[in-house]
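Peer 1: Pasting a structure here, questions to come.
Each reported figure results from applying straightforward, stated rules to the coordinates on display, with no laboratory input. Computed from a prediction, not measured in an experiment: that's the story for all the values here. Using ideal geometry, Cβ is built from the backbone for each residue, glycine included, and neighbour counts are taken over all protein chains shown.
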Amino acid sequence: MNTKKIAIIGGGNLGIAMAEGLLKSGFATPNQLTVTRRTLSRLQPLQEKGVTITDNNEAAIRESEIIIVALKPFNVKEVLTGLKNAFDPKRHIIISVVTGIFLKDLSEIFTAPLPIFRAMPNTAIAIQESVTCMCAQGASAEQSAYVKELFDQMGVTIPIDEKLMDAATVLGA
Ligand SMILES: NC(=O)c1ccc[n+]([C@@H]2O[C@H](COP(=O)([O-])OP(=O)(O)OC[C@H]3O[C@@H](n4cnc5c(N)ncnc54)[C@H](OP(=O)(O)O)[C@@H]3O)[C@@H](O)[C@H]2O)c1
């Protein structure tokens, strides 16, 4: 059973679909989930289900263990750089679903090494039938199993080598 708190930074189309999928599957209860974005009114349906919504990314990170980054590629580095002091390498696992942003790009943002996952779901995640490819850097077998289980709630998850991610994204789509 999942006992960890999960924050989704960037509650847009994918972030909301993931929140819905995690709730529907029972992997996360509403009080284990926080979703952030700047336009909070768009997150009202999740709030009505008991999910915490906020525009305060730093507070969401500090209160959670699993940080799913679902921002657009153009501002992900800027936003995460501004938040880097909120991350604790002993506590946090980062999962990026941002297209085209490599594990190396993400790890360079942080001063201390953290477990970082890159996952690429496809649009079928909205109906929990995604084929999700995932790869990791600095993660233990236990952490990898946890992240695979998380995405398995929303379809099928395939661990792959990062160099295959672009091809896998095309095939998955
Ligand atoms: N959609 C898919 O099926 C899919 C599949 C695979 C991968 N992806 C990847 O997933 C990422 C998100 O895609 P999407 O389709 O969900 O895009 P999206 O709907 O534009 O979601 C991005 C969200 O980030 C929020 N945001 C922007 N700046 C923020 C900040 N400083 N703090 C918190 N939230 C912020 C935006 O809301 P506000 O403007 O209100 O802050 C927006 O809702 C992209 O990198 C995309 O490549 C998407």
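Peer 1: Quick check on the chain: helices-only [θ] at 222 nm, where DSSP H runs of length 4 and up contribute -39,500 (n - 2.57) each and the sum goes over total residues. Nearest 500, please.
Peer 2: Calculated mean residue ellipticity at 222 nm is -9500 deg cm²/dmol.
Peer 1: Nearest 5 percent is fine: what portion of the DSSP beta bridges confined to the chain is antiparallel? Numbers along the way, then the final one.
Peer 2: Values: 5 of 28 bridges.
Of the beta bridges lying entirely in the chain, close to 20 percent run antiparallel.
Peer 1: Quick one: net charge of Lys49's neighbours, Cβ under 12 Å, K/R +1, D/E -1? Walk me through the intermediate numbers first.
Peer 2: Values: positive: Lys24; negative: Glu20, Glu48.
For residues surrounding Lys49, the net value is -1.
Peer 1: While we're here: If a/c stays under 1.5 just call it rounded; otherwise compare a/b with b/c (prolate if a/b is bigger, oblate if not). Do that for the range 6-172, with a ≥ b ≥ c from the square roots of the Cα gyration tensor eigenvalues.
Peer 2: Values: a/c = 1.45, a/b = 1.09, b/c = 1.33.
Here the range 6-172 falls in the rounded category.
Peer 1: Can you give the relative contact order of the chain as a percent, counting alpha carbon pairs under 8 Å and 6+ residues apart?
Peer 2: Across the chain, relative contact order equals 19 percent.
Peer 1: Here's something else I'd like to know. Please give the charge dipole size of the chain, origin at the Cα centre, charges +1 on K and R Cβ atoms and -1 on D and E Cβ atoms. Round to the nearest 20 debye.
Peer 2: 280 debye
Peer 1: Could you give the distance between the Cα centres of the range 1-71 and the range 136-173, to the whole Å?
Peer 2: Using only Cα atoms, the two centres lie 20 Å from each other.
Peer 1: Turning to a different aspect of this structure: Mind running the shape call on the range 75-173? Use the C-alpha gyration tensor, a ≥ b ≥ c as the square roots of the eigenvalues: rounded below 1.5 for a/c, prolate if a/b tops b/c, oblate otherwise.
Peer 2: Prolate is the answer for the range 75-173, as a/c is 1.5 or above and a/b outweighs b/c.
Peer 1: How big is the dipole moment of the range 90-162 about its Cα centre under a simple scheme where the beta carbon of each Lys and Arg is +1, that of each Asp and Glu is -1, and everything else is neutral? Debye, nearest 20, please.
Peer 2: In debye, rounded to 20, the range 90-162 gives about 220.
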